[in-house]
Amino acid sequence: MTMLGVKKKSLFSSIEEEPPGECFVQNEVDEPPSCEVDEPPSILAARKVESFLRQVPEESWNDWKWHFRNRITTVEELSKYIPLSPLEQEQIRLVARKYPLSITPYYLSLIDVNNPVDPIRAQSVPCFSEITCNATGVEDPLEEGKHSVVPGLVHRYPDRVLMVMTDLCSMLCRHCTRKREWKNGGWVHSDIEIDRMLDYIKSHPEVRDVIISGGDPLVLSTQCLESVISQIRQIPHVEIIRIGTRFPVVLPQRIDDELCNMLSKYGPIWLNTHFNHPNEITPEAARACDNLVRAGVPVNNQCVLLKGVNDTAEIQTKLCHGLLKIKVRPYYLFQCDEVEGTEHFWTSVDTGIKVIEGMRGHTSGLAVPTYVIDLPNGGGKIPVQPDYILMKTQDEMLVRNYQGRIFTYKNARNGKKPAARKNKMLPQPLFPMEEFEPQPVRVKRENRAYLRS
Ligand code: SF4
């Protein structure tokens, strides 16, 4: 594999120096014995990935900097591992001109190359729809740019700020909300810019929560991160620091002892990561999350609902059960943001509600994330739930449970509940019961239009 391009050479001043002599050279990979056996392209490709992975020394495989240097960034490299027709190659080439491609060898190893709709592939390999279905998405639906108070610092909610340290990521996720940043390519905020962000936080005592994000802030060296985190920790009114990163998913080797030891000195630090599919829960990812938890860093997951990847209750349940097993709390399930170039991933809100409905009550509440829409025009996050309250008066509510059974619930007022009825099951209907037969939750059409206005 060729050396992988970071767009500005100066970035290496922020990213740790590369260990000498470890660059993996493409022609070191043994070609599979394809000339001897006439195999279908899919089997051939699977063997190439296997062959490629077998060639990587364990020491390199466990070294995140090796993966970072050897990201797959061109269609030529990609087509060596995944069967791509000439048309697909040309389409990917066209997409990558607008939205570049970057896949870590680790994440590549999770792709089932025999499955054209593999969920790992869908998140990492450019899709022609990114440039052909972009009639409705916008570059910055959350209007982060408008809420930027100094370059790199977003202050949208009263008590917390978002520090965007860099636009670099180890993997470029095809559904990314900050896809717009990819075009600018490979910047890291300078020390002076970081000082300005810190000055702003110091002069705003209402800020109690600082979120360090990107791009992915863990592309920065541990020393660079420590310099920023230690300065934030010295600001008395900052209570918690949060790190937003996809490294535990796309390059878990990054969560090494050096990083964990550093983070353990500056708690409370919380880490939000981004698992989207159960196939991403691997022994490497489990080890990374375990290391974080042992360092006193709780790990939460922010999943994005993606059509064809994870838009069923079955997959979400499997994902959340897997997360709990590796000590990660399912935190949010996000409606996919309306970002240009991601339209092919969008689901309806009804789909998200159905997913939650298929989980709530059917499994432990700890395994059910909060489904939220981050509203366009900077409106912030709103939770969206199936309707469990069918009707409400001052004295009581008519509710349904996860099985569709209907109950009344007395509404306490001034510390007192209305006199109990003999039967809990609606002996005195408040209204004609036929209107409230258990039925699948429907979201009115206009809801979505409203949310999108
Ligand atoms: S890691 Fe996060 S910021 Fe980076 S491309 Fe993926 S979704 Fe976007």
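The values are calculated or read from the model by the stated rules, or taken from the named source; none is laboratory data. All figures in this text were calculated on a predicted structure; none of them were measured in a lab. Glycine also receives a Cβ, built like all others from the backbone with ideal geometry; neighbour counts cover every protein chain displayed.
Overview of results
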quantity: Long-range neighbours under 9 Å by Cβ, at least six apart or interchain, first residue outside the structural domain of residue 257 (by TED's automatic domain parsing) within the range 203-220, second within 16 Å of the ligand (Cβ to nearest atom) and outside any strand (DSSP E or B); calculated: none
quantity: Test: residue 233 is under 20 Å from residue 331 (Cα atoms) and of a type in the set (Lys, Arg); calculated: no
quantity: Every residue from the range 148-175 that is closer than 18 Å to residue 334 by Cβ, more than 16 Å from the ligand (Cβ to nearest atom) and among the charged types (D, E, K, R); calculated: 156, 160
quantity: Pair list, Cβ under 8 Å, 6 or more apart: the range 355-376 residue in the same structural domain as residue 337 (by TED's automatic domain parsing) and surrounded by fewer than 16 Cβ atoms within 10 Å (Cβ to Cβ), other residue among the polar types (S, T, N, Q) and assigned to a helix (DSSP H, G or I); calculated: 362/317
quantity: Strands (runs of 3 or more DSSP E) enclosed by the range 363-407 - at least 1 residues per element that are polar (S, T, N, Q); calculated: 370-375
quantity: Pair list, Cβ under 8 Å, 6 or more apart: the range 161-176 residue without any contact (Cβ under 8 Å) to a residue 24 or more places away in the chain, other residue near the ligand (Cβ under 8 Å from one of its atoms); calculated: none
quantity: Residue 213 vs. criteria polar (S, T, N, Q) and away from the ligand (no atom under 16 Å from the Cβ); calculated: no
quantity: Residue in the range 176-190 that is of a type outside the set (Asp, Glu) and away from the ligand (no atom under 16 Å from the Cβ) present; calculated: yes
quantity: Count of the range 280-290 residues which are without any contact (Cβ under 8 Å) to a residue 60 or more places away in the chain, surrounded by fewer than 20 Cβ atoms within 10 Å (Cβ to Cβ) and not acidic (Asp, Glu); calculated: 3
quantity: Scan of the range 221-279 for residues that are in a loop (DSSP other than H, G, I, E, B) and either crowded, with 22+ Cβ neighbours inside 10 Å or touching a Cys at 6+ places or on another chain (Cβ under 9 Å) (or both), ordered by number; calculated: 245, 246, 251, 255, 274, 275, 276, 277
quantity: Inter-residue pairs, beta-carbon under 7 Å, first modelled with pLDDT under 90 and in the range 107-136, second among the β-branched types (Val, Ile, Thr), 6+ apart; calculated: 113/49; 113/82
quantity: Filter result for residue 60 (in contact (Cβ under 8 Å) with a residue 12 or more places away in the chain, closer than 26 Å to residue 278 by Cα and surrounded by fewer than 22 Cβ atoms within 10 Å (Cβ to Cβ)); calculated: yes
quantity: Test: residue in the range 300-318 that is surrounded by 24 or more Cβ atoms within 10 Å (Cβ to Cβ), part of a helix (DSSP H, G or I) and in the same structural domain as residue 217 (by TED's automatic domain parsing); calculated: yes
quantity: Filtered residue count, the range 226-249, keeping only those that are within 16 Å of the ligand (Cβ to nearest atom) and in contact with a Pro (Cβ under 8 Å, 6 or more places away or on another chain); calculated: 3
quantity: Where residue 195 falls short, out of the listed (1) crowded, with 17+ Cβ neighbours inside 10 Å; (2) more than 15 Å from the ligand (Cβ to nearest atom); (3) not hydroxyl-bearing (Ser, Thr, Tyr); calculated: (1)
